[in-house]
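Visitor: Quick one: the structure is below, questions incoming.
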Amino acid sequence: MLIRVSRCVAIQVGALAATFVLLGGTCSLGAREQVVIQKGTSGNTQLRAADSWIDGTLANQGTNHGAATTLQVQSLTGQAQRTLVMFDLSIVPNAGIKSATLTLNVVSPPLLTRTYSANLVTSFWNEPDVTWSSRVATTPWGAAGGDFDGTVASNANVGLLSTTVTWTVTKALQTWYNGTPNYGFLIKDNTETSLAAQTTKFSSKEDATPANRPTLTLTFLQNVANLTTVPGNNAITLNWAYPTPIPAAQGGSILENYAGVVILRRTTAPVDKASFPADGAAPPALCSTVGTGEVVFVGTTANTSFTDNSTNNTCVGAGKGAPANGTMYFYKVFTYDTANNYSSNPAGLPAPRDGGSAFTAEAGAMPNPPGSTEALLWLTATHSAVQAAPGIEPGSQVDVGTDTNLFFALDSTTGQHLYPPVSLGGIITGRPPILDATISSIGKQVAYVAARDNYVYAIDTTTGAILWLIDPNGSTTNLFQGGAAVQLKSLSGAAYTLANDLVVVGTRNGATNSANSVIGLDGNAGTVQWTYTGTPGATTALDIISSTPTIDYVNNSIWVTSHANGGASQPNLWRINPLNGAVIFSGNFNGIDIDSSPTLTFNADVLFVGTNGVTAPLASVIDGELFAINPKASSVVPVVSPAVQGAVVAFYDDGNDGSVVGFPFVTTTVPPYTVIYTTNTKVHAVSFNPTTNAFTRLWTTTIFAAPFPTCNAGVCSLSAPVVATSLNMVYAGGSDGFLYELNLSTGALVKKAVVDTNYPAVVGDPALDVTNQRVYVSTTTNDQRSYAIAIPF
């Protein structure tokens, strides 16, 4: 049963769990825990788990065994067989792994003793598709027989009398908690050239007896929960809770009790991933240094808060002692147990697999005099560049895609992982749209992710399960750089006659400047509804698409921007019919490329499109223009002109400062429309009157100029903007590690918030959560993280 007492989390009391001891209003909590993960036991559904075996026999190299009740490993020259097995780690989302073992049940042993290795798989694979030749659908492995790390994770022997085989895979598990994608293990015979077949059959996760299925046993320490900071006058208070142990009913047990926490601090930049206490060693002394962090607190389980001030922090030295007003401080918090194990993941493997204590609980704050409102609410490590704004379910969830093929789902209030990141097959450079279950035709809270492995994924964001995936072009070159757009059936009018939501993506095939594609997918099944592929010609050639399409519900259209093959011969703006992919309009505007996404007004009476800048010698002529487009345009003619067959209503140029970044942001719902957009160093505000078809300059603010002249090595750049109209504020990230806040009415720079000043730290596109009054951003360089910052500053 579960018992809860004051100031304690729920503890499972039973044969597999330690009971708590009440001492002076506190209790001894579970710390180093163990959990046995096995599909169908202890209620474990293993939604993201997979297993199969692949056959190197020439006649069977294309055969899939994903539904088999057994897994096979065989040594025989020219006929080797290998097993693939992957576990869903969702039951342990925020933890430091101390040990891990993989166990397979032997159904049929070999006649002679064999040594089998467990190797980390290095490419995404899909159970219903995987074969010796291919890993997903018709996508081949990099090398036939599976892509795997040549460094063996673990070896184990299996012989005639073996009933189970166990591999110690601790370091492998630690890498998955350090930011390396989890593609599971490949089990193979270390000598695959036997003259006579030596074969072992193991039980798969489809075995009728749950106890026989593949087992992963983990021991770990969970991170502290609900870590928050409260800045004060020359002081910062940290609050936390001890995590709830995994109950015995879910396969959990407690091995040691918590002893307390160790807190490291660093000024102006997060404590890096290689800074953590050593397992087995006593907690480090106060004021000592662990990597880049200073030890500011060592507490017991009686402590669930610590105030960093002149009373509690008497350390002496540069950057030490009590926090100073106006300076950002970053903290990393480790739980530890009575055996001096810490909630870190020190894998000890060569880079890039060694992430150190990557996903340990972190926080940050800037102390200020009373009345200040600036607050860094949470930060969490991704340790990979993040090139797009996070997707959000306002007030609930933040989803972040990374350059290491990971999709993070974070609690928007605490920043904690809702489950370990979902490992996909490619880099994610476009913002993933998240749809609530109440409005999506698929009936789930779903994110549609377009990745640079040519695949589009539908992810159930409540569980992390992949609902479907597809390479819609069957190509290895038509990767996706922009995000997916979704036309919701529930919000569309009668003219939209498709059965389900429509997911729209555009390809970025750098090998061609004329044959890229816009593709419409069924949101429920992932099947291709239609494809428009460009062909050489003045009105039909389609260059690369780097942006996210825009859905026009009023005019039942999809708007797509593209490159223009460096001139006037090809369109760079397209209007497409969502029912069949037919081109309704295409046009070329000033003969330059477009990487930003188009934006519609609330009533869909004007479409705003920002173009790229051009290099010398033309930069003084054309540079980052903003166009106002008639959304009802229906001609197909590539004409370089201020008025492309009546499509262009007006255009605006505010000087030579590079391309329009991301997208224009329309802040008003009725005309005249206020539009905010950014270029390299400037934030611009313009007004557009659709009655007179005229732009009016409202203000332009140069960010990287005195008194804020800092840039990374002279390279100044801004992110796309977001606008909190209720606060009358504009927000944009900078290449100097700051998030900037400007007054919407005047353009005056109100304040800049420190995100990470450990240069170079580039702050990416922000996402606005009006429900929680905060902005989410990520950094693209250094020791990367995602952040939640309260607004206004």
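Visitor: Using packing as a proxy for protection, rank 744-752, 279-287, 122-130, 251-259 so that the peptide with the highest average count of other Cβ atoms within 10 Å comes first.
Guide: Per-residue Cβ counts within 10 Å, averaged per peptide and sorted highest first, yield 251-259, 122-130, 744-752, 279-287.
Visitor: Still on this structure: With every protein chain kept in place and ligands, DNA and RNA left out, what is the accessible area per residue of region 456-524? Probe 1.4 Å, answer in Å².
Guide: 30
Visitor: Further question on the same structure: Please compute the modelled spin-label separation between Thr168 and Asn693, points set 7 Å along Cα→Cβ, answer in nm with one decimal.
Guide: Here the modelled spin labels are 7.7 nm apart.
Visitor: For region 223-372, what is the accessible area per residue in Å², given a 1.4 Å probe and the full set of protein chains?
Guide: Each residue of region 223-372 exposes 35 Å² on average to a 1.4 Å probe.
Visitor: In this model, which of Lys489/Lys632; Lys98/Lys332; Lys444/Lys489; Lys205/Lys273; Lys332/Lys444; Lys171/Lys444 are farther than 26 Å apart at the alpha-carbon?
Guide: Correct reply: Lys205/Lys273; Lys332/Lys444; Lys171/Lys444.
Visitor: Which of the trypsin sites (Lys or Arg not before Pro) found in region 188-237 are in a DSSP loop and have at most 15 neighbouring Cβ atoms, other than their own, within 10 Å?
Guide: none
Visitor: Taking the highest mean first, how do the peptides 462-470, 731-739, 395-403 order by number of other beta carbon atoms within 10 angstrom per residue? Present the calculation step by step, with values, prior to reporting the outcome.
Guide: On the way: 462-470: 19.4, 731-739: 25.7, 395-403: 23.4.
Highest mean packing first, the order is 731-739, 395-403, 462-470.
Visitor: OK, next. Cross-link partners among lysines for Lys682, C-alpha distance below 29 Å, same-chain residues fewer than 8 apart left out?
Guide: Of all the lysines, those that pass the test against Lys682 - Cα under 29 Å, at least 8 places apart if same chain - are Lys751, Lys752.
Visitor: For the modelled label position 7 Å from the Cα of Asn603 along Cα-to-Cβ, which residues of region 683-702 have backbone nitrogen atoms closer than 11 Å?
Guide: Answer for region 683-702: 690-691.
Visitor: Mind giving me the nanometre distance, one decimal, between the label points for Asn580 and Leu727, set 7 Å out from Cα along Cα→Cβ?
Guide: The two pseudo-label positions are separated by 4.8 nm.
Visitor: What does the C-alpha gyration tensor say about the overall shape of the chain? Classify as rounded when a/c is under 1.5, otherwise prolate if a/b is larger than b/c, or oblate.
Guide: oblate
Visitor: Let me ask something additional. If you roll a 1.4 angstrom probe over the protein chains with everything in place, what fraction of the accessible area of region 394-486 belongs to carbon and sulfur, to the nearest %?
Guide: With neighbouring chains kept in place, the figure for region 394-486 is 48 percent.
Visitor: Once the piece of chain linking Asn656 and Val528 is laid out straight, how much longer is it, given 0.36 nm per residue of separation minus the C-alpha distance between them?
Guide: Fully extending the segment from Asn656 to Val528 adds 41.9 nm.
Visitor: Provide the per residue accessible area, probe 1.4 Å, for region 555-605, rounded to a whole number of square angstrom. Can you show the working numbers first?
Guide: Details: 1260 Å² over 51 residues.
Here the per-residue accessible area is 25 Å².
Visitor: Under the rule of -39500 (n - 2.57) per DSSP H run of 4 or more residues, summed and divided by the residues of the chain, what mean residue ellipticity at 222 nm is obtained, to the nearest 500 deg cm²/dmol? Spell out each step's value before the answer.
Guide: Details: 1 runs with 7 residues, N = 793.
Computed ellipticity for the chain at 222 nm equals 0 deg cm²/dmol.
Visitor: Label region 254-315 by shape, choosing from rounded, prolate and oblate, from the square roots a ≥ b ≥ c of the eigenvalues of the Cα gyration tensor; if a/c is under 1.5 it is rounded, and otherwise prolate applies when a/b is larger than b/c, oblate when it is not.
Guide: It is oblate, given that a/c is not under 1.5 and a/b is not larger than b/c.
Visitor: Multiply the residue gap between Asn155 and Thr314 by 0.36 nm, knock off their C-alpha separation, and tell me the result in nm, one decimal place.
Guide: Length gained between Asn155 and Thr314: 52.2 nm.
Visitor: Tally Lys/Arg at +1 and Asp/Glu at -1 over every other residue whose Cβ is under 11 Å from the Cβ of Pro394; what's the total?
Guide: With Lys, Arg at +1 and Asp, Glu at -1, the net is -2.
Visitor: Work out how much length Ala249 to Ala196 would gain on full extension: take 0.36 nm times their residue separation and subtract the Cα-Cα distance, in nm to one decimal.
Guide: Working: separation 53, 0.36 × 53 = 19.08 nm, distance 4.55 nm.
My answer for the length gained is 14.5 nm.
Visitor: Can you pull out the chymotrypsin sites (Phe, Trp or Tyr not before Pro) in region 544-606 that DSSP calls coil and that have at most 15 other Cβ atoms within 10 Å? Each step should come with its number before you reach the end.
Guide: Values: sites: Tyr553, Trp559, Trp574, Phe585, Phe589, Phe602; in loops: Tyr553, Phe589, Phe602.
Here the chymotrypsin sites (Phe, Trp or Tyr not before Pro) that fit, given the DSSP loop and packing criteria, are Phe602.
Visitor: Given contacts defined as C-alpha pairs under 8 Å and at least six residues apart, what's the relative contact order of the chain, whole-number percent?
Guide: This gives 9 percent for the chain.
Visitor: Between region 78-121 and region 390-429, what is the separation of their alpha carbon centroids in Å?
Guide: Result: 27 Å between the Cα centres.
Visitor: Return the distance in nm (one decimal) between the two label points of a simple spin-label model at Ser288 and Ser745, each offset 7 Å from Cα along Cα→Cβ.
Guide: Once both label points are built, they end up 5.6 nm from each other.
The values are calculated or read from the model by the stated rules, or taken from the named source; none is laboratory data. Note that the coordinates shown come from a computational prediction; the quantities given were computed from them, not determined experimentally. We place every Cβ from the backbone using ideal geometry, glycine too, and count neighbours over all the protein chains shown. To get the accessible areas, we keep the full protein, side chains included, count just its heavy atoms, and leave off ligands, DNA and RNA. Shrake-Rupley method; radii C 1.70, N 1.55, O 1.52, S 1.80 Å.
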